[in-house]
Structure formats: structure tokens, C-alpha cells
1. Only helices (runs of 4 or more DSSP H) wholly contained in the range 190-309 count here; list those with 1 or more residues that are away from the ligand (no atom under 14 Å from the Cβ) and under 21 Å from the mean Cα position of the chain (by Cα).
2. Which of the residues spanning the range 131-147 are touching a strand residue (DSSP E or B) at 6+ places or on another chain (Cβ under 8 Å), part of a loop (DSSP other than H, G, I, E, B) and under 14 Å from residue 112 (Cα atoms)?
3. Say we look at the range 1-30 and pick out the residues that are β-branched (Val, Ile, Thr) and loosely packed, with under 14 Cβ neighbours inside 10 Å; which of these is nearest to residue 157 (Cα to Cα)?
4. Have a look at 38, 51, 33 and point out the one that is surrounded by fewer than 24 Cβ atoms within 10 Å (Cβ to Cβ) and within 19 Å of the chain's Cα centre (by Cα).
5. Among what's in the range 100-123 and is aliphatic (A, V, I, L, M) and more than 13 Å from residue 154 (Cβ to Cβ), pick the residue that is surrounded by the fewest Cβ atoms within 10 Å (Cβ to Cβ).
6. Can residue 25 be described as farther than 21 Å from residue 128 by Cβ and hydroxyl-bearing (Ser, Thr, Tyr)?
7. Just to be sure I understand, how many residues within the range 192-212 are closer than 22 Å to residue 269 by Cα and in contact (Cβ under 8 Å) with a residue 24 or more places away in the chain?
8. Within the range 85-137, how many residues are farther than 30 Å from residue 261 by Cβ and aliphatic (A, V, I, L, M)?
Amino acid sequence: MSILTVTLNPAIDISYPLEAFHLNTVNRVAQVGKTAGGKGLNVSRVLKDLGADVLATGFADDILGAEIVENLKSEGIDSRFTKISGKTRNCIAILHEGQQTEILEKGPRILREEAEGFIDNFKAMLAKVEAIAISGSLPDGLQETFYSDLIAIANKQEKTVVLDCSGSALEAVLKNPHNPSVIKPNLEELTDLLGKEVTLENIKESLQDRLFDGIEWIVVSLGKEGAFAKVSDEFYRVKIPKIDVVNPVGSGDATVAGLVYGISQNETVENTLKGANVCGMLNAQEAKTGHINRTNYQALFDQLKVEKI
Ligand code: ADP
């Protein structure tokens, strides 16, 4: 089974651990961490950890972009990125005194012919995969309807699309007739989207908003509280046990990996929801973002409860 992941604005994620962070002077870093970053690349790594065949795509230049491709290759992940003339970005996290200060480059502007090249590339890759996970924001230069265009192409070939984005990119998709099979907002993103505070008390009615018509799976991740989901016309609450957390960054991406994996394996709704939450939890138990250790998978899975609401 092969899954395509789409990361349009990947990055080299750099972490600078410092005992103390001093402003307006020199900070020297002994241990620099560099990894291929971007939400879709986290999804790719977790899918690989789950045992899926993964193909990663997006836009990449021939310097940092090439480094990302090499990094993925070293982890056994195939990729086919569309080459761009702009510069692939760096994103910096300064870890200091138990805090995290981030400097996130906006990323390159995509030219029209590069966007068209990506679409051709995407169409060619679709034939080889069963499902697609699209994650993250749209880089500059692309039309707001870019994700809808990808979804329309994938739907024509009856491929499952899991979309994990927020803000105007998500709004543009929801206002368009081409629906992804799955979206995975959190409460904050739902609140932004609907323009009213969404809580566990009003979530059921919120998910019945006409904006979501035609989307089969809406999975609302709730951090340490688990998840709430609407699948077709049924509602589900996923309850999870308390766990020791090391680094929850990327847990939402791990959840996306679990969702696309479960659906493409034809798992039941209950098992797919459980598996997706287990992936989020296992990611939270690792220091590395977008990585799970499958050793504890079954033990956690057996502790999860899915109730129809
Ligand atoms: P996002 O980062 O997209 O908001 P969440 O923080 O909701 O995503 O995390 C996704 C999933 O990962 C949750 O539904 C849950 O299963 C798991 N998870 C995340 N944080 C924790 C935590 N602190 N304890 C236990 N599980 C967690």
C-alpha cells in the first residue's frame, strides 16, 4: 500500500539548544540539530514507522531542498519534489531555559510554471498511490484554490484525501465543491473557522455546520483529552489514558498518518480512530518530532475507548 504525502513548503528544521539565551550579543551553540521539517514530512516519517510505503512530494530547491530529499532517503522515504528557483527555507527553534523561541522563515514564492509543473507531477504520481495526505500552509505565489485543485484531481481518480491545514487555506477548500475525505482540525482551528467558540459542549452541533457538508470524516484532536469525530452521520468520542509526555510537537501530524493508514487499510471506523490517537500519543512520547516507536503500539491501543455519542 502506497501513500503520497504533500508538503508544499518544507523546511530544514534547525534546533539550537542553549543553557541561556542572551539577547543583543553572541550565543554559541555546540550541538546543532537539523532535520527535514514541515507537517507533511512528519506524516511521512510516521507512515514509514507504521510500515507503509511512502512517497513524499512538494516544492524544493537544489540546495536545502536537495538536503531534505537526502535526509528522507536516509530514512527510507522516496520523494519526488518539483524543483523551484526560489530558496527552500530554514526554520529555527532556540531551546532555552525550558522555553522554545522559534524563528520561522516564510519560504519561497512559487512561480506559475512551477505550480503547473507540480500539478503534472502530482497527476503522474497519483496512479501509484491509494491515498494522499496534504498538510500545512500554502506557500506564496499559489492560488488559494490550489488545494481544491489537487483534491478535485484526486477525487476524479477516487483516491482518499486527508487534508490537514488551517486558516484561509482550509476555508478556501470548505467553500469549494471538491471535498477531501478527511479533515483534522483542533478546537482552536474550528473556532477560527466558524467564528464562534467551539467547545466539547457544542462540538456536535458545530460539526453539523453546512460548511462541512460532503466531508465524510471530521476528526477533532483534543491533545491529552483524545479526540472527537464525526464520520458520515455518526459521532464518536475517543478517550485516552494519561501518559508521560516528552515532546508533543508533531502529534497532530502523527494522528493524520494514523488516519490515512487506517482508512487505506480498510480498518473499521473505531480502529482507525484508535490507531490515529495511538500514533499521536506515541509521537508525544518521543523526543524526535514526527516519529513513533511501534513497540508500545498495541499496549496503548488496548487502553483506548471509542464511544458513540
Ligand atoms: P494538534 O497539534 O494538531 O493540535 P493534538 O495536540 O490534538 O494535535 O494531538 C493529536 C493527538 O495526539 C491527540 O488527539 C492525542 O491522541 C495525542 N496527544 C497529543 N498530546 C498529548 C498528550 N499531552 N497526552 C496524550 N496524548 C496526546
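Please treat every number below as a calculation from the coordinates, not as lab data. Owing to the predicted nature of the structure, the values given are computational and were not obtained by experimental measurement. In this analysis, Cβ positions are derived from the backbone assuming ideal geometry, glycine residues included, and neighbour counts consider all displayed protein chains.
1. Qualifying helices (runs of 4 or more DSSP H): 251-264, 269-284.
2. Answer for the range 131-147, where residues must be touching a strand residue (DSSP E or B) at 6+ places or on another chain (Cβ under 8 Å), part of a loop (DSSP other than H, G, I, E, B) and under 14 Å from residue 112 (Cα atoms): 139, 141.
3. It comes out as 29.
4. Just one listed residue meets the conditions, 51.
5. Looking at residues that are aliphatic (A, V, I, L, M) and more than 13 Å from residue 154 (Cβ to Cβ), I get 103.
6. yes
7. 5
8. 5
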